[in-house]
1. Within segment 126-143, track down each residue that is farther than 17 Å from VAL245 by Cβ and crowded, with 23+ Cβ neighbours inside 10 Å.
2. Filter segment 187-242 for residues that are under 19 Å from the mean Cα position of the chain (by Cα) and either modelled with pLDDT under 85 or not in a helix (DSSP H, G or I) (or both) and give the result.
3. Please go through segment 109-141 and give me each residue that is touching a Leu at 6+ places or on another chain (Cβ under 6 Å) and of a type in the set (D, E, K, R), ordered by number.
4. Pairs, please: C-beta under 9 Å, at least 6 apart or cross-chain, first residue at pLDDT 90 or above and in segment 70-85, second in a loop (DSSP other than H, G, I, E, B) and among the hydroxyl-bearing types (Ser, Thr, Tyr)?
5. Based on this model, can you work out whether TYR160 counts as at pLDDT below 95 and out of contact with any Pro (no Cβ under 7 Å at 6 or more places or on another chain)?
6. Given the options ARG74, ARG90, name the one that is assigned to a helix (DSSP H, G or I), over 20 Å from the mean Cα position of the chain (by Cα) and not hydrophobic (A, V, I, L, M, F, W, C).
7. Quick one: in segment 95-140, which of the residues that are out of contact with any Ser or Thr (no Cβ under 9 Å at 6 or more places or on another chain) and among the polar types (S, T, N, Q) is farthest from LEU44 (Cα to Cα)?
8. Residues in segment 106-128: is at least one farther than 30 Å from GLY37 by Cα and part of a loop (DSSP other than H, G, I, E, B)?
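The values are calculated or read from the model by the stated rules, or taken from the named source; none is laboratory data. Values in this document were obtained by computation on a predicted structure and should not be read as measured data. Neighbour counts run over all protein chains shown; Cβ positions are idealised from the backbone, glycine included.
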Amino acid sequence: MFASSRPDFRTLLVLGRASNLPTVWSNCLAGYLLGGGGSGWRLLVLVLGGSLAYLGGMYLNDAFDASFDRQFRRERPIPSGRIEEALVWRIGWGLLGGGTFLLGTLGWTAAVLALALALAVVLYDAVHKALAFSPVLMALCRFLLFLTAAAAADRGVTGYALWSALALAGWIIGLSYVAKRESTTGELQRWPLVVLALPVALNGLLNNGDWRLRGLIFAALVVAWAGWCLRHTFVEGPRNLGLTVAGLLAGICLVDLLAVVPEPGYALVFLALFGAALLGQRFVPAT
């Protein structure tokens, strides 16, 4: 099949898994708040840089996976002929490079973390099909994005920002473990999913004072959403890992909401981003 030299806009959105962008914005906002916040301009640069880096990583993911997709996922944009593989490579490198540059303008610490993020993204894209522990690499990408956001803020990477980034990484490992088995028929073990509970565990350890009730409410929301998503995988009958993964991806916004419990004024923003991620998945697949 001949590839199109002028891909349509939807193809570009599918390649970038654009429905997940609200979760990137959520990571940026949460990390920035836990780093002490700052000017709206710096937050805008952070969100734009993080978005470009994410989109670049997704494009490169399809470019690295082109041979695999030609055998097992022929509906993807490259093997289906909707876009040329060479163009995907060029766009991917350009977006990742541009995003890393923008993040690097936010300070030396942010620049170092942004460079580490770019390297982690490329490493994941290049080896994730071959390594059993690739969910850890995916988690590392989000971990570094969260810390880059904190580093761009007035106080930098605080202890609470670091712990929140680790809790977020646990959530990512859990959902990536499910995603890695999306195309297989073997049994899905339950024990690796324990790491999904890390955000709630962190909230339980640090929850005190004036925001105890809010913390309990948001923790219950995260637990309820995780249970709702996992029912697609563990209830009797045909499993649907895709729905589980898509739901847990949107749930990243709820995890970030749980991390910023001390900042109650932003709750509606994170809930709106959660809703935007779910809405976006109706038009552009999350995986």
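1. PHE143
2. PRO192, LEU193, LEU241
3. Within segment 109-141, just ASP125 meets the criteria.
4. So the pair list comes out as ARG82/SER4; ILE83/SER4; ILE83/SER5; GLU84/SER4; GLU84/SER5.
5. So TYR160 passes the test.
6. So the residue among ARG74, ARG90 that is assigned to a helix (DSSP H, G or I), over 20 Å from the mean Cα position of the chain (by Cα) and not hydrophobic (A, V, I, L, M, F, W, C) is ARG90.
7. It comes out as THR100.
8. Within segment 106-128, one or more residues are farther than 30 Å from GLY37 by Cα and part of a loop (DSSP other than H, G, I, E, B).
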